[in-house]
Amino acid sequence: MLFCTINDFPAYENLSGYSVKGHHASPICEENTSYHQLKYGRKTCYIDHRKLFKCNHPYYRLKKAFNGCQEDKTAPPPLTGDKVYNRVSNIKVNYGKTVKHSGVRNIWKKKSIFFELPYWFKIDVRHCIDVMHVEKNVCDNIIGILLNIKVKIKDGINAHKDLVEMGVRFELQP
């Protein structure tokens, strides 16, 4: 019996069939994903995740440590296996080169092969994120940015400008 999969975020997309890129990248929030498009780097960053905390959590109402606003949204109800199956059951996948889609876009790209298992509908948590892998990548990038390690950073001047605009970093000195 397969209990769940443990993988990083790009592999999560391959295994679950859910697109984890773009403005609706959160598999929990889906169409209600809070995002911000960065001005200089033109990347999408995901914000306002305090809504996933319970209302009595100390971070839920904390303004100063976050964006200066108090959180007033609540988390969407979790998707059950039946709901996910209903969303993906009619998706037809054509492998190989395809013509670009016109019209309505679907966040779910394919039906996971795991739905062929008879118990997959009943599992509450079907895919888990490998936290150590994510922590290592995030930590490497943050340390590289803060210590200005040229080899470790994956950003350039546009990312630094975005950090300055967000108030995370001070203006760079030439």
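What the table below lists for this structure:
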item: Scan of the range 3-36 for residues that are touching a residue at least 12 places away in the same chain (Cβ under 8 Å), open to solvent by 60 Å² or more (accessible area, probe 1.4 Å) and of a type outside the set (D, E, K, R), ordered by number; result: 3, 6, 9, 23, 24, 28, 32, 35
item: Residue match in the range 58-68 (condition: small (Gly, Ala, Ser), open to solvent by less than 60 Å² (accessible area, probe 1.4 Å) and modelled with pLDDT of 80 or more); result: no
item: Selection within the range 69-88 - open to solvent by 80 Å² or more (accessible area, probe 1.4 Å) and not charged (D, E, K, R); result: 70, 74, 77, 78, 86
item: Matching residues, the range 110-124, being closer than 20 Å to residue 28 by Cβ and either open to solvent by less than 90 Å² (accessible area, probe 1.4 Å) or in contact with a Leu (Cβ under 6 Å, 6 or more places away or on another chain) (or both); result: 110, 111, 112, 114, 115, 120, 121, 123
item: Close pairs (6 angstrom Cβ cut-off, 6 or more residues apart or separate chains): assigned to a loop (DSSP other than H, G, I, E, B) in the range 38-62, of a type in the set (Asp, Glu) anywhere; result: 38/162; 40/162; 41/162; 60/71
item: Subset tally (residues that are open to solvent by less than 80 Å² (accessible area, probe 1.4 Å), in a helix (DSSP H, G or I) and at pLDDT below 80) for the range 144-158; result: 2
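The values are calculated or read from the model by the stated rules, or taken from the named source; none is laboratory data. Since we're looking at a predicted model, the values are computed, not measured. In this analysis, Cβ positions are derived from the backbone assuming ideal geometry, glycine residues included, and neighbour counts consider all displayed protein chains. To get the accessible areas, we keep the full protein, side chains included, count just its heavy atoms, and leave off ligands, DNA and RNA. Shrake-Rupley method; radii C 1.70, N 1.55, O 1.52, S 1.80 Å.
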